[in-house]
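Okay, structure first, notes after.
Since every read-out is calculated from the coordinates, none of them should be taken as a lab result. What you see is a predicted model, and the numbers here were worked out from it, not measured in a lab. Cβ atoms come from the backbone with ideal geometry, glycine included; neighbour counts cover every protein chain shown.
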Amino acid sequence: MALTRRAFLTLLAGTGLFAPGTAAASSVPAPPGGVFALAGVVYPGRGAPLPGHAVLVRDGRIEAVVPARAVTDRPVIAPVNAAILPGVINAHCHTLHSAQARRERWLLAGVTSIGDAASPLAALPALLDSPPGATATASACGPMLCPPGGYPLPVHSPEHALAVGSPREGAEAVRRLADLGVTRIKIAFEPGVLPRPWPLFDSATAAAVCDTARRLGLGVRCHVEDVSGLKPALDAGVSTVEHVPHRLREHGTVRPVLGPDGLPVPRYRALLERMARDGIIMTPTLDVFTRTPWNGPALFEPVRLFHALGGKVALGNDFPYRRTDAGMPVREMRLLAEAGLDRLAVLEAATAGAAEACGFANRGRIAPGMAADLLAVRGAPSPDALKDPLHIVKDGTFIR
């Protein structure tokens, strides 16, 4: 029996797929042929939102962002009162190595990529196994490079570290990891809090690691909790500072990082200014530290100042340490807001900023040529809205 026009439109409303240029419902099956448009208020990851726009997708890539009314060549999916944004990236986490675990614990919650911030060599093949459209893509560092006896060896299993004792050994370790497919190198400048400090890299070895990584197109992520490790890390040439430095150990004494005015002490401020000026990213991981005795202004005020200086921030919660959660890192988002980032800045930290920290050149933003990792949420992209996305798209495939 032939359908009337009213019945035909009712059928389309039930599927969520509408002819180009018309309104759409909120539930949607997989679009045919991988060619579709997702419309709403588009948040590109960096820059101002674009109301009434559509993201054009073909074969897993973003073709363009155009006014929704201009789309005439493909189905338009336009949930009512929706924001369209890049898939969220957790830039600092550990242990979820398998593609299945990344799908179940991250992708199904709307986290389309993760940055694994140090794992054993044996975990690299599983981390680098990221079938398009099937799991959260992983950026991998492999084991953390460290001086003999240095962090992470005092507190983590030996398989999470690769000790190097000279510039030659440091450069060789970077080349070895690059050959295995890592996307970032991880080091540390961490003296610890015990009376006897842990060994730190000498300047020549740290510089050799960073210089070799840079020549191979790899950024260097550096674990820094103590302000005393920040200057040597920056001098070596790291590209990200992992964690917010929140204590200062000098000559066996822990000194305050904030002055009487509640702001970072002058030497710390100067280093934050240097980071902002040189484009060094900070991944504060406030979620994990607010679960420790260090919780307080020493965590939040450096982030507030760094952001006010124009510094780049990446979102990461250091899962699974201290009972931090997998899935959408809502608590980290709220803590970044508490540290002075507005809604757009938090979203940038969770998308473009996190992608840059992880080395994802083709993720984290909505722009032509980028991978079609997208979320649609109800209303503005607040943490509450992100807890339950309307749609999750990974490499152009609808997960939800």
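Classify the range 136-206 as rounded, prolate or oblate, taking a ≥ b ≥ c as the square roots of the eigenvalues of its Cα gyration tensor: rounded when a/c is under 1.5, otherwise prolate if a/b is larger than b/c and oblate if not.
Numbers: a/c = 2.37, a/b = 1.42, b/c = 1.67.
Verdict is oblate for the range 136-206.
Ordered by packing density, taken as the mean number of other Cβ atoms within 10 Å over each peptide's residues, highest first, how do 133-141, 146-154 rank?
133-141, 146-154
Please work out the Cα center distance from the range 132-197 to the range 292-365, rounded to the nearest Å.
Using only Cα atoms to place each centre, the spacing works out to 22 Å.
Residue 273 label point, 7 Å along Cα→Cβ, cut-off 17 Å on backbone N: hits in the range 283-320?
Of the residues in the range 283-320, 302-312 have backbone N under 17 Å from the label point off residue 273.
When DSSP beta bridges are limited to those with both residues in the chain, what percentage is antiparallel, rounded to the nearest 5?
That works out to approximately 50 percent antiparallel.
Helix-only mean residue ellipticity at 222 nm, the chain, DSSP H runs n ≥ 4 weighted -39,500 (n - 2.57), per residue, nearest 500. What is it?
-7500 deg cm²/dmol
For residue 226, what charge total do you get from the other residues with a beta carbon under 13 Å from its beta carbon, if Lys and Arg give +1 and Asp and Glu give -1? Mind dumping the intermediate values first?
Numbers: positive: 231, 247, 249, 255, 267; negative: 190, 225, 242, 250.
Once positives and negatives cancel, what remains is +1.
Tilt of helix 266-278 relative to the longest C-alpha principal axis of the chain, in degrees (0 to 90, nearest 10)?
50 degrees
Tell me, what is the percent relative contact order of the range 139-245, built from C-alpha pairs under 8 Å that lie six or more residues apart? Please list the in-between numbers first.
Values: 204 pairs, mean separation 29.1, N = 107.
Dividing the mean separation by the residue count of the range 139-245 yields 27 percent.
In Å and whole numbers, how far do the C-alpha atoms of the range 88-358 stretch along each principal axis, longest first?
52, 45, 31
Based on DSSP, what percent of beta bridges with both residues in the range 132-274 are antiparallel, to the nearest 5?
Approximately 25 percent, going by the DSSP bridge assignments.
Under 10 Å, Cα contacts only: if you run a Gaussian network model on the chain, which one of 263, 38, 341 comes out with the highest mean-square fluctuation?
263
Which residue fluctuates most in the GNM of the chain (Cα springs below 10 Å): 255, 304, 102?
For the chain, modelled as a Gaussian network with Cα springs under 10 Å, the answer is 255.
Answer rounded, prolate or oblate for the range 222-278, using the Cα gyration tensor with square roots of eigenvalues a ≥ b ≥ c: rounded when a/c is under 1.5, else prolate when a/b is larger than b/c, else oblate.
oblate
Of the listed peptides 84-93, 324-333, what is their order by residue-averaged count of other C-beta atoms within 10 Å, with the highest listed first? Display every interim value, and only then the final one.
Working: 84-93: 31.0, 324-333: 21.9.
In descending order of packing, they fall as 84-93, 324-333.
With a sphere of radius 9 Å drawn around the Cβ of residue 357, what net charge do the other residues whose Cβ falls strictly inside it have (Lys, Arg +1; Asp, Glu -1)? Could the numbers behind the result be given before it?
Numbers: positive: 184, 221, 312; negative: 242, 356.
Computed value for this residue: +1.
Pairs of alpha-carbon atoms within less than 8 angstrom and 6+ residues apart define the contacts here; what relative contact order does the chain have, in percent?
Relative contact order of the chain: 19 percent.
Using the per-residue mean of other Cβ atoms lying within 10 Å as a proxy for protection, in what order, highest first, do the peptides 367-379, 234-246 fall?
Details: 367-379: 21.9, 234-246: 23.6.
Order by mean packing, descending: 234-246, 367-379.
Compute the Cα gyration tensor for the range 40-190, then decide on rounded, prolate or oblate, letting a ≥ b ≥ c be the square roots of its eigenvalues: rounded whenever a/c is under 1.5, prolate when a/b is larger than b/c in the other cases, and oblate in all that remain.
Verdict is prolate for the range 40-190.
Using only C-alpha atoms and all pairs of different ones, pull out the Kirkwood radius for the range 268-395 in Å with one decimal.
Values: mean 1/r = 0.0651 Å⁻¹.
Across the range 268-395, the inverse of the average 1/r is 15.3 Å.
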